[in-house]
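Okay, structure first, notes after.
The values are calculated or read from the model by the stated rules, or taken from the named source; none is laboratory data. As the structure is a computational prediction, the values presented were derived from the model and not from experiment. A quick note on method: Cβ atoms are made from the backbone with ideal geometry, for glycine too, and the neighbour counts reach across all protein chains shown. For the accessible areas, the whole protein counts, side chains as well, though only heavy atoms, and no ligand, DNA or RNA atoms are used. Shrake-Rupley method; radii C 1.70, N 1.55, O 1.52, S 1.80 Å.
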Amino acid sequence: PHLTILAFQRVLEEVTDATLTLVGKGGGGELFETCLILVKALGLENRVDFAGALSHDLVAAKMRAARVFVQHSVTTQEHGDMEGKPVAIMEAMASGLPVISTNVGGIPFIVSHEHSAMLTPVDDAESMSETIVSLVTDREMREKLVRNALKEVAKYGWPEVKPKWLALYKQRAAA
């Protein structure tokens, strides 16, 4: 989240009414504390909302109120951990929210750059901020991404996935 905050600071230079809502586990931990300190140091306390963990209904409401969804995923330095297939990105896609994320882990396997989402290099807050500004100000691109993302994310719905799981189970049971 710290790279998203750094990118957001740059976004404010061009999109002066922008706000950033961070949803997810909060309340402690080094990363959370670092983000709180960063927001305060940058003077963004009135622009960044640490919403914490929310119910599904509240997350859906936040998504409906948003212009874009941003997830700046990284590969950890210590162990090389990275995102698999982030559910939050698929939820944003299904909600009709244009997605901006990083080109890391399993993310490029569920979205296509400039087709169903915008992907930026990992650890590049400047590229992320430029992409956010570009997408926030380009309604035609937002509509294109949403249209394509809704088709793409439908592949992961239970009606599509169930027959594949059943076929796999039958194949394994016969082996």
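Odds and ends about this structure:
- Any hit, the range 162-172, residues being in a helix (DSSP H, G or I), of a type in the set (A, V, I, L, M), in contact (Cβ under 8 Å) with a residue 40 or more places away in the chain and open to solvent by less than 90 Å² (accessible area, probe 1.4 Å): no
- Number of residues in the range 121-161 that are part of a helix (DSSP H, G or I), within 30 Å of V11 (Cβ to Cβ) and either in contact with a Cys (Cβ under 6 Å, 6 or more places away or on another chain) or of a type in the set (V, I, T) (or both): the value is 7.
- Qualifying residue in the range 64-74 (condition: in a loop (DSSP other than H, G, I, E, B), of a type in the set (S, T, Y) and at pLDDT below 90): yes
- Residues that are open to solvent by 70 Å² or more (accessible area, probe 1.4 Å) and either touching a residue at least 24 places away in the same chain (Cβ under 8 Å) or assigned to a loop (DSSP other than H, G, I, E, B) (or both) within the range 82-120 comprise M82, K85, E91, N103, F109, E114, H115, listed in sequence order.
- For the range 96-139, the set of residues classified as under 12 Å from the mean Cα position of the chain (by Cα) and among the small types (G, A, S) consists of S101, A117, listed by residue number.
One line per residue, one yes/no per condition, for (1) modelled with pLDDT under 95; (2) within 30 Å of D17 (Cβ to Cβ); (3) out of contact with any Leu (no Cβ under 8 Å at 6 or more places or on another chain):
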site	(1), (2), (3)
T131	no, yes, yes
T137	yes, yes, yes
N148	no, yes, yes
P163	yes, no, yes
L166	yes, no, yes
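- Residue list for the range 144-175, restricted to those being under 17 Å from the mean Cα position of the chain (by Cα) and among the acidic types (D, E): E152
- Residue count for the range 1-52 under the criterion of being part of a helix (DSSP H, G or I), surrounded by fewer than 16 Cβ atoms within 10 Å (Cβ to Cβ) and touching a Gly at 6+ places or on another chain (Cβ under 7 Å): the result is 0.
- Qualifying residue in the range 3-24 (condition: more than 22 Å from E126 (Cβ to Cβ) and not aliphatic (A, V, I, L, M)): yes
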